[in-house]
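Peer 1: This structure is in structure tokens; I'll ask about it shortly.
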Amino acid sequence: MRLNQGMLSEHDQGTMNAKMLQDIYEEGYAGALIFSWQDEWFKRCWNTMDFDLPDRRPFGSNPQTSEQEFGLMAFDPGNKTSACYVDGDFSEWENADPLVSDPNFSIYVKSDEKYLYLRIAAQTYDFEQDTILIPIDSISNQGNSTYPKYNVTFERPSEFVIILNGKENSRILVDSYYDSFYYLYAKRVKLIEANPAYEARNSGIFNPEYLTLNKELYLPVDKQKLPFSKYETGKLLYGNGNPLSKDYNSLSDFFVQDNNLEIRIPWALLNVTDPSSAMVMDDLYKAGIQSIKTNGFYIGGILLKENHVVGSTTMNLFSWQEWDTPSFHERLKPSYFIIQDAFANIK
């Protein structure tokens, strides 16, 4: 059983705690405490704290931060339900107009305190064979105008591109010039190797999005050096993200049903430092890791079949309402009920 702080579902959380509870009981200890009862939006973590605004953390939920979702009771965005669930049920989009469309597909966009949500409604689409690219332009005077890997040109220079190509190959990538992971660890603290090609504007290079797991560490007693380690946090996980579904996986990022895709992207993966005040990272090489106001994101889509473009939309502006009072509702996680059973059946 993996006992760590990453890539664990709400079900895993309950199973792990139940197993530890049984171990504690069998060892004859007086008792133990489960940490914690409820999620806490305000908390920070060492590997994400450089990329947000400290005074605004309580105004939104950041799933990139491992410290925020320890609770048995979730505080989810929305007064009664979240704005969207990636589950194949598109009823929450019924009254929405597409942000962009062409004869082959349409893209709908919405957001809440935790995610940017997209729905792609395609006329004909082979989920495992075809590719959809979603370029996102979030800040002016930056971004890649082209993506040579797919031989495509974007209507606007884009800082991010979402690639949808089957269950195992879908991910979000960032313009290398706007790659905050590379900037911090290669340029600022010099823990990874620098690549000058990444530091050029409009290079056509999109990098995977990484999150640091461990900085390099030397253990003097063991005379052992633990290497710097990272994982690809921008790789999208396929699954059902609706807590009411029997197939619920809290880690799910996207789902497809009948040529329709739903996607949810944490704000932090789009270099948003505070969604509640529409603040994003500024030009890293001019300002460092500082924030600047955005008017919103220009979003479009490109559909490729056998590496040939068969559909392309304009890139239109999606903007969202700022807030000082976040909406939320309480939800008991699957882990709560697993722990409930564990206490009832402990022996």
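Peer 1: Multiply the residue gap between residue 202 and residue 231 by 0.36 nm, knock off their C-alpha separation, and tell me the result in nm, one decimal place.
Peer 2: Details: separation 29, 0.36 × 29 = 10.44 nm, distance 2.53 nm.
Fully extending the segment from residue 202 to residue 231 adds 7.9 nm.
Peer 1: Out of 15, 65, 146, any idea which swings most in a Gaussian network model of the chain, alpha carbons joined below 10 Å?
Peer 2: For the chain, modelled as a Gaussian network with Cα springs under 10 Å, the answer is 15.
Peer 1: Would you please classify the overall shape of the range 46-194 from the alpha carbon gyration tensor, given that a ≥ b ≥ c denote the square roots of the eigenvalues, rounded means a/c under 1.5, and beyond that prolate means a/b larger than b/c while oblate covers the rest?
Peer 2: Numbers: a/c = 1.91, a/b = 1.08, b/c = 1.76.
Oblate is the answer for the range 46-194, as a/c is 1.5 or above yet b/c matches or exceeds a/b.
Peer 1: Angle, helix 10-26 long axis vs. longest principal axis of the chain, Cα atoms, 0 to 90°, nearest 10?
Peer 2: Orientation of helix 10-26: about 20 degrees from the principal axis.
Peer 1: Mind listing the phi-derived Karplus ³J(HN,Hα) values for the range 56-61, rounded to whole Hz, using 6.51, -1.76 and 1.60 with θ = phi - 60°, and x for any glycine or proline?
Peer 2: For the range 56-61, the Karplus curve yields 10, 4, x, 8, x, 9 Hz.
Peer 1: Hey, what angle do you get for helix 334-345 against the long axis of the chain, alpha-carbon based, 0 to 90 degrees rounded to 10?
Peer 2: Here the helix axis deviates by roughly 20 degrees.
Peer 1: What FRET efficiency, computed as 1/(1 + (r/R0)^6) with R0 = 22 Å and r the Cβ-Cβ distance, is obtained for residue 46 and residue 24, rounded to the nearest 0.05?
Peer 2: Between residue 46 and residue 24 the formula returns 0.20.
Peer 1: Using a probe radius of 1.4 Å on heavy atoms only, what accessible surface per residue do you get for the chain? Whole Å² is fine. Intermediate values should be presented prior to the final figure.
Peer 2: Values: 17310 Å² over 347 residues.
For the chain, the per-residue accessible area is 50 Å².
Peer 1: Sticking with this one: Please build a GNM for the chain, connecting alpha carbons under 10 Å apart, and tell me which residue among 63, 220, 243 fluctuates the most.
Peer 2: 220
Peer 1: Please list the non-local residues whose amide H lies under 5 Å from the amide H of residue 99, H modeled 1.01 Å from N, same-chain partners needing a gap of 5 or more.
Peer 2: Those qualifying (amide H under 5 Å, at least 5 residues apart or on another chain) are 107, 108, 109.
Peer 1: A further question on this structure: Which FRET efficiency value, to the nearest 0.05, do you get for residue 283 and residue 146 by plugging their Cβ-Cβ distance into 1/(1 + (r/R0)^6) with R0 = 22 Å?
Peer 2: On the way: r = 20 Å, r/R0 = 0.91.
Using R0 = 22 Å, I get an efficiency of 0.65.
Peer 1: Amide H of residue 116: which non-local residues (sequence gap of 5 or more, or other chain) have their own amide H closer than 5 Å, using H built in the peptide plane?
Peer 2: Answer set, sorted by chain and number: 265, 267.
Peer 1: With θ set to phi - 60° and the Karplus curve 6.51 cos²θ - 1.76 cosθ + 1.60, what are the ³J(HN,Hα) couplings of the range 97-110 in order, to the nearest whole Hz, using x for Gly and Pro?
Peer 2: With the stated coefficients, the range 97-110 comes to 9, x, 6, 9, 7, 9, x, 8, 6, 10, 10, 10, 9, 8 Hz.
Peer 1: Expressed as a rounded percentage, what relative contact order does the range 267-322 have, with Cα pairs under 8 Å and six or more residues apart? Before the final figure, lay out each step's value.
Peer 2: Working: 80 pairs, mean separation 15.0, N = 56.
Relative contact order here is 27 percent.
Peer 1: Now for a separate question. I want to check the label-to-label distance for residue 314 and residue 124. Put each point 7 Å from Cα in the C-beta direction and report it in nm to one decimal.
Peer 2: If labels sit at residue 314 and residue 124, their model points lie 2.7 nm apart.
Peer 1: Something else about it: Give or take rounding to whole Å, what are the principal axis extents of the alpha carbon atoms in the range 203-243, in descending order?
Peer 2: Per principal axis, max minus min of the Cα coordinates gives 47, 40, 9 Å.
Peer 1: Further, regarding this structure: Run the numbers on the range 74-148 and let me know its relative contact order in percent, using alpha-carbon pairs under 8 Å that are six or more apart.
Peer 2: Values: 55 pairs, mean separation 14.4, N = 75.
Normalised by residue count, the contact order of the range 74-148 is 19 percent.
Peer 1: Here's something else I'd like to know. Under 5 Å between amide hydrogens, which residues at least 5 positions from residue 310 or on another chain qualify, with H placed 1.01 Å from N in the peptide plane?
Peer 2: Those qualifying (amide H under 5 Å, at least 5 residues apart or on another chain) are 303, 304, 305.
Peer 1: Give me the Debye-computed log₁₀ of I(q)/I(0) at q = 0.16, 0.25 Å⁻¹ for the range 304-347, equal point scatterers on Cα only, no solvent, two decimals.
Peer 2: Log10 I(q)/I(0), no solvent term: -0.72, -0.97.
Peer 1: Would you please calculate the Kirkwood hydrodynamic radius of the range 204-311 over all C-alpha pairs and express it in Å, rounded to one decimal?
Peer 2: Numbers: mean 1/r = 0.0555 Å⁻¹.
Result for the range 204-311, one decimal place: 18.0 Å.
Peer 1: Something else about it: Let me check against my output: what whole-number percent is the relative contact order of the chain, with C-alpha pairs under 8 Å and at least 6 apart? Numbers along the way, then the final one.
Peer 2: Numbers: 736 pairs, mean separation 84.6, N = 347.
In percent, rounded to a whole number, it is 24.
Peer 1: From the phi of every residue in the range 314-329, what ³J(HN,Hα) in whole Hz does the Karplus formula 6.51 cos²θ - 1.76 cosθ + 1.60 yield, where θ is phi - 60° and glycine or proline is x?
Peer 2: Along the range 314-329, the couplings run 5, 10, 10, 7, 10, 10, 10, 6, 6, 8, 10, 10, x, 8, 6, 9 Hz.
Peer 1: Pick out which of 116, 332, 261 has the largest mean-square fluctuation in a Gaussian network model of the chain, springs linking Cα atoms closer than 10 Å.
Peer 2: 332
Peer 1: In whole percent, and with a 1.4 Å probe on the protein chains, what portion of the accessible area of the chain is carbon and sulfur? Display every interim value, and only then the final one.
Peer 2: Values: 8450 of 17310 Å².
Ligands and nucleic acids excluded, carbon and sulfur give 49 percent.
Peer 1: Can you give the convex hull volume per residue for the Cα atoms of the range 130-238, as a whole number of Å³?
Peer 2: Working: hull volume 12.6 nm³, N = 109.
Each residue corresponds to 116 Å³ of Cα convex hull volume.
Peer 1: Calculate the radius of gyration of the Cα atoms of the range 72-148 to one decimal place, then report Dmax, the largest Cα-Cα distance, as a whole number, both in Å.
Peer 2: So, for the range 72-148, Rg and Dmax equal 15.5, 46 Å respectively.
The values are calculated or read from the model by the stated rules, or taken from the named source; none is laboratory data. None of the values given here were measured: they were computed from a predicted structure. Backbone-built Cβ (ideal geometry, glycine too); neighbour counts: all protein chains shown. Please note that ligands, DNA and RNA were not included when accessible areas were found on the heavy atoms of the full protein model with its side chains. Shrake-Rupley method; radii C 1.70, N 1.55, O 1.52, S 1.80 Å.
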